[in-house]
Amino acid sequence: MPCSPTSGPANWPRVTDVNADLVAELVASGIDRREARWLVEEFVPGGDLDAAPALRRAAKRRLDGEPLQYIIGHWPFRSLDLDVDPGVLIPRPETEELVGFAIDELARMGCAAPVIMDLGCGSGAIGLALLDELLERGILATLVAVDQSTDALATARRNALKHKLHAVSFVHSSWFADVDPSLRGHIDLIVANPPYVGDEEFVHLDPVLRYEPKGAIVSRDAKGVPGFADLDVIIREAVSWLRPGGVLICEHSNIHRDAATETAKQAGFVDVVDLDDLAGHPRTLIARRA
Ligand SMILES: C[S@@+](CC[C@H](N)C(=O)[O-])C[C@H]1O[C@@H](n2cnc3c(N)ncnc32)[C@H](O)[C@@H]1O
């Protein structure tokens, strides 16, 4: 999650949908024009001026620094409109790329009914988007969505219901610790976007990140690498939960490429590759169980 959550998706509201005077008022108060359009669209649907006080309260929250996503309470991610709240990380655009890589890997594997595990599911972004996009292709996947935060699991469950995605089990666990052991060796795909920012780096990041749960962002150091502790556990343990030929896909920080690929090779993974994100930064490990 290197970028600020306010960077936003491509599909901001259309100008024709919003009340121009209210947008102008918000822009004059210091709010970015695209965010002003979104707030007006959200809080004054159809230009109902009775709703203007609620809009002004929302604008004040934004001016005080709260991320737009928490104020409006939902955010687009791939095919889904996800509920988001301060108990979950706001899903980021680079994580949307990870979903694309996962779809490609599943297509290569040719699984008719893949079993997918989303470690650190947060709002459910990665796993639920995968279920939804696979369904579109006629593939009925099942998802094991894991998080150690009960708040995150509650939001992920709400998002699954909202999008009528029922083939999901939610597991309260620190990584694999409390996952049903009968799944060991049977998972086709493990996806993870774990916390990966070191404590030191966190202090210097955009203050807007302080609105998000610190446990979703910051990880301890491991192997002398800042913020690598959670990735280290996931990469080392994932291999035994995948079926032979199964794939692990992990998002990581731009300083983690060497540690992530080395750890994957030492754990026994083969076909280890690490891809840049669209901004050209090292971002995603892909590794296959032999
Ligand atoms: C960076 S957020 C990712 C959320 C979501 N997957 C996404 O991409 O938007 C990391 C998630 O991992 C969870 N988490 C942190 N430590 C964990 C642990 N030891 N076991 C399970 N989940 C953990 C956090 O609660 C958080 O929901």
_Considering only region 240-251, I want to know if a residue exists there that is without any contact (Cβ under 8 Å) to a residue 60 or more places away in the chain, assigned to a helix (DSSP H, G or I), assigned by TED's automatic domain parsing to the domain that holds Asn193 and surrounded by 14 or more Cβ atoms within 10 Å (Cβ to Cβ)._
no
*Considering each residue of region 210-226, count those that are away from the ligand (no atom under 11 Å from the Cβ) and closer than 18 Å to Ser174 by Cα, and give that number.*
2
*Check region 231-239 and report whether any residue there is surrounded by fewer than 19 Cβ atoms within 10 Å (Cβ to Cβ), touching a Phe, Trp or Tyr at 6+ places or on another chain (Cβ under 6 Å) and of a type outside the set (Gly, Ala, Ser).*
yes
*Does region 59-66 contain at least one residue that is out of contact with any helix residue (DSSP H, G or I) (no Cβ under 8 Å at 6 or more places or on another chain), over 25 Å from Ala125 (Cβ atoms) and free of Cβ contacts under 8 Å to residues at least 24 places away in the same chain?*
yes
*Looking at region 110-209, what strands (runs of 3 or more DSSP E) fall wholly within it and have at least 1 residues that are under 18 Å from Ile286 (Cα atoms) and either touching a residue at least 24 places away in the same chain (Cβ under 8 Å) or within 15 Å of the ligand (Cβ to nearest atom) (or both)?*
115-119, 187-192
*Check whether at least one residue in region 216-225 is in contact (Cβ under 8 Å) with a residue 24 or more places away in the chain, in a loop (DSSP other than H, G, I, E, B) and either farther than 26 Å from Arg289 by Cβ or outside the structural domain of Ile255 (by TED's automatic domain parsing) (or both), and report yes or no.*
yes
*Just a yes or no: is a residue in region 265-272 at pLDDT 95 or above and within 22 Å of the chain's Cα centre (by Cα)?*
no
*Check region 150-165 and report whether any residue there is touching a strand residue (DSSP E or B) at 6+ places or on another chain (Cβ under 6 Å) and basic (Lys, Arg).*
yes
*Could you pull out the residue among Glu94, Glu105 that is modelled with pLDDT under 95, of a type outside the set (A, V, I, L, M) and assigned to a helix (DSSP H, G or I)?*
Glu94
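Being at pLDDT 95 or above, surrounded by 23 or more Cβ atoms within 10 Å (Cβ to Cβ) and in contact with a helix residue (DSSP H, G or I) (Cβ under 7 Å, 6 or more places away or on another chain) narrows it down to one of Asp118, Asp85, so name that one.
Asp118
The values are calculated or read from the model by the stated rules, or taken from the named source; none is laboratory data. Quick caveat: nothing in here was measured; it's all calculated off a predicted structure. Here the Cβ is made from the backbone with ideal geometry for all residues, glycine too, and neighbour counts use every protein chain on show.
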